[in-house]
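Have a look at the structure below, then the notes.
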Amino acid sequence: MAHAHARRLVGGIIRDIGHECANRGQDVAETLAAFMVKAVVLDPRSGFDVGRSLTQQDARRLTQVGARLGQGGSATNKTLFPALQLCVEKLVDEGSPALDTIKMQVYFDLNYTSRREFSEEHQRVLQARMASVSREITDRRVKSQADMEALHRKIAQYVMLCSGLGSASDINTVKEVMAALQSVFPLSELRSFMSLDKKDQEQQLKELTLIVTGICLFNKDSGKGGEGIDDVPSLLNEAIPATVGEIEKELDATRTLAWQYTAAVQRLAEPGAGGAGCPVHPDLMKQALYNVRQHEAFLRVLLADVISCAKQVESQQTNFSTRMNLLRSIVHTRTSVPISQVFPHFTALASLWCGLQEEKVLLSSLSYMVAKLRTFLTKLHLQPQALLETVLEGMEVKSDTDRLRECSGDQIDPSEFKSQEWFVPETPADSEKLQLQYKGACCYSLVENDGLFVYGNPNIGVLKHKEKYYAFSSKAAALAFASKPDQYIAQIVERARRSPELIQLLELQQHFVSVIPYSAMQSGEGLLVKPFLKSDAGTQTDTHLVESNIVKSYEWNEWELRRKAIQMANLRKKVTRSAQTNLSHMRRDNATQTYLPKDAACQTKKDSSSNVPNPLIYLAGLRGKPGPTNMIKIDLTRPVDE
């Protein structure tokens with residue numbers, strides 16, 4: 001059916017929830033409304049079962065909501081769809097720590113990216129920003145000297161914008177970039193540049209940008225300009241410790257709140273406490289505990305990223321200094337240097353400079369996220385005296401370290417359990433290698449202590465159950481969980497259905513297949529979908545019905561055969577050499593191959609000729625006179641040796 005139709009209806013319902021919240025003075029994003037719909041659907045108290053397909057009754061209810069939406073009515077009418085009213089009530093509840101936690105999770109999931117993804121996005125944004133300037137350069141037609149000068153200035157502008165050397169309104173910086181560009185790309189080469197195709201022009205622009213940037217950075221280091229170029233290494237050296245200090249300070253404050261809320265939840269869970277003296281409901285206190293624990297987890301992730309950023313910056317600055325010193329030693333006092341010696345160093349300097357600028361942008365993004373996450377902390381901590389002093393009166397607030405220290409001596413003996421696999425880490429580094437479930441929280445405490453979030457101690461013993469590892473806050477908790485682990489795991493999932501903020505806090509997404517990260521959702525994707533069913537299936541297709549015999553070495557192109565023949569003829573003239581050292585002696589076989597002299601013969605031919613004089617013999621006196629004949633023979637032939 002109407003599964004696609006139901007998805008469209010759900011999309012309309014989500015938008016209607018947003019409109020209803022806006023009418024109540026709350027601006028709610030569609031992603032947050034979508035998550036709240038999922039949370040309400042997952043909650044067993046709402047009457048939905050996401051483990052089955054949509055029934056005709058569900059489709060009818062959605063169709064009624066869709067029809068009401070089409071008529072301009074409100075989908076949040078209780079008689080029409082009570083669950084939607086619950087979604088709206090949850091979204092407009094300003095005093096709900098659970099809503100603050102969900103908002104925090106949605107924001108973090110939408111805005112946090114890994115270093116690799118951030119680098120790719122940064123490059124994509126930079127290319128999109130430079131696309132219009134690059135198009136102006138490649139599409140321009142030069143007709144006069146003035147056009148050539150304008151195009152040259154446009155290329156300099158492209159270099160400045162792409163490399164971030166300074167502001168285009170700074171005259172001195174513009175002159176320095178123009179001078180550096182003129183030294184490697186004079187006006188006389190513009191004609192050759194314009195004769196290239198568009199792809200080659202864009203590639204040459206990128207190469208020019210790197211070379212000119214390297215020249216400007218070298219001039220700045222040499223004290224010959226660069227006043228308008230920001231000292232990015234110094235800025236990073238100041239910003240990174242400040243950011244680390246800010247996050248650590250924020251993390252300490254969050255931990256302190258978490259310890260106070262943990263102690264308060266424990267006090268309220270004691271028999272006879274009842275929460276009578278507490279101005280806040282115990283459930284709100286647990287929600288506040290989840291809120292600060294989620295804030296702590298996100299701060300740890302951001303702190304690790306900042307530390308990684310610091311290591312990357314240190315490495316890049318070291319390489320930058322090394323490259324600059326090497327370039328300085330090459331140039332020294334020489335007036336002219338071959339471009340083959342300096343251009344690679346200029347390009348490397350520019351690449352490192354761009355890397356430092358990217359780290360600067362990343363650090364700024366992480367700092368902004370730290371400040372933004374602070375706004376999602378539960379408002380209960382704004383009045384700690386009024387909320388916690390009564391509950392914590394006469395009670396010692398223990399830190400996580402104190403709790404771990406108290407139970408470190410009580411360990412599980414793995415030899416006593418033959419049917420289960422236990423690990424007792426010898427060092428903290430060993431426990432860090434194990435991927436503990438529930439972010440290291442104690443599953444037993446979450447179930448038996450009514451949702452109390454405390455970290456487990458790996459030194460007690462780590463239980464391996466179905467290829468997953470679990471830590472516990474005490475030996476008794478470990479033994480109790482080990483007696484019926486599947487039952488405790490099911491109860492954790494059931495608690496997460498009632499408190500959806502636990503799904504991400506405890507990393508329970510694998511138990512809720514329909515709950516996917518927001519970054520992976522498609523635009524307009526529906527939420528009331530059944531989980532993906534898994535099954536083993538196989539298929540086989542005959543790829544080649546007739547066995548083929550492919551000769552990889554076959555070549556049909558006569559020019560390719562000619563090229564290979566030339567290569568082989570060239571190899572026959574090479575000498576094969578081998579060497580043997582003390583280290584390689586008697587360790588491997590060495591072989592050499594030579595071509596023996598071949599039998600050769602040559603044949604020569606010499607054509608020669610000789611020219612002899614033509615005989616010239618004349619006879620006279622044969623006729624003309626009466627009487628006897630008196631013949632005279634005259635030989636005028638020239639001598640042969642003449």
remark   = Just one listed residue, out of L268, L210, is touching a residue at least 60 places away in the same chain (Cβ under 8 Å), outside any loop (DSSP other than H, G, I, E, B) and touching a Pro at 6+ places or on another chain (Cβ under 6 Å), and it is L268
task = Return yes when Q260 is open to solvent by 10 Å² or more (accessible area, probe 1.4 Å), polar (S, T, N, Q), within 19 Å of M395 (Cα to Cα) and at pLDDT 75 or above and no when it is not.
result = yes
message = Against the condition farther than 30 Å from Q509 by Cα, in a loop (DSSP other than H, G, I, E, B), modelled with pLDDT of 75 or more and open to solvent by less than 90 Å² (accessible area, probe 1.4 Å), how does P597 come out, does it pass?
response = no
query = When region 111-133 is examined, which residues are found to be among the β-branched types (V, I, T) and in contact (Cβ under 8 Å) with a residue 12 or more places away in the chain?
reply = V133
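If we keep just the residues of region 154-183 that are small (G, A, S) and in a helix (DSSP H, G or I), which is surrounded by the most Cβ atoms within 10 Å (Cβ to Cβ)?
In the first step, residues of region 154-183 are kept if they are small (G, A, S); the result is 156, 163-164, 166-169, 179-180, 183.
Checking which are in a helix (DSSP H, G or I) leaves us with 156, 163, 179-180, 183.
On the way: A156: 23, S163: 21, A179: 15, A180: 25, S183: 11.
Here the answer is A180.
Taking region 184-203, which residues are hydrophobic (A, V, I, L, M, F, W, C), within 37 Å of the chain's Cα centre (by Cα) and assigned to a helix (DSSP H, G or I)?
Answer for region 184-203, where residues must be hydrophobic (A, V, I, L, M, F, W, C), within 37 Å of the chain's Cα centre (by Cα) and assigned to a helix (DSSP H, G or I): V184, F193, M194.
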query = Just one of the numbered conditions (1) more than 18 Å from C354 (Cβ to Cβ); (2) at pLDDT 90 or above; (3) open to solvent by less than 20 Å² (accessible area, probe 1.4 Å) is not true of V301; which one?
reply = (3)
ask   = Is region 114-136 home to any residue that is open to solvent by less than 80 Å² (accessible area, probe 1.4 Å), within 30 Å of V306 (Cα to Cα) and of a type in the set (F, W, Y)?
value = yes
remark   = Of the candidates E296, E248, the one satisfying the condition of being modelled with pLDDT of 90 or more, under 23 Å from D400 (Cα atoms) and open to solvent by less than 70 Å² (accessible area, probe 1.4 Å) is E296
inquiry  = Restricting to region 216-245, count the residues that are small (G, A, S), open to solvent by 30 Å² or more (accessible area, probe 1.4 Å) and not in a helix (DSSP H, G or I).
reply    = 2
ask   = From the set of residues in region 384-413 that are modelled with pLDDT of 75 or more and outside any loop (DSSP other than H, G, I, E, B), which is most open to solvent (accessible area, probe 1.4 Å)?
value = R405
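The values are calculated or read from the model by the stated rules, or taken from the named source; none is laboratory data. Keep in mind that this is a model prediction, so the values were computed, not measured. We place every Cβ from the backbone using ideal geometry, glycine too, and count neighbours over all the protein chains shown. These area figures cover heavy atoms from the full protein model, side chains too; ligands, DNA and RNA do not enter into them. Shrake-Rupley method; radii C 1.70, N 1.55, O 1.52, S 1.80 Å.
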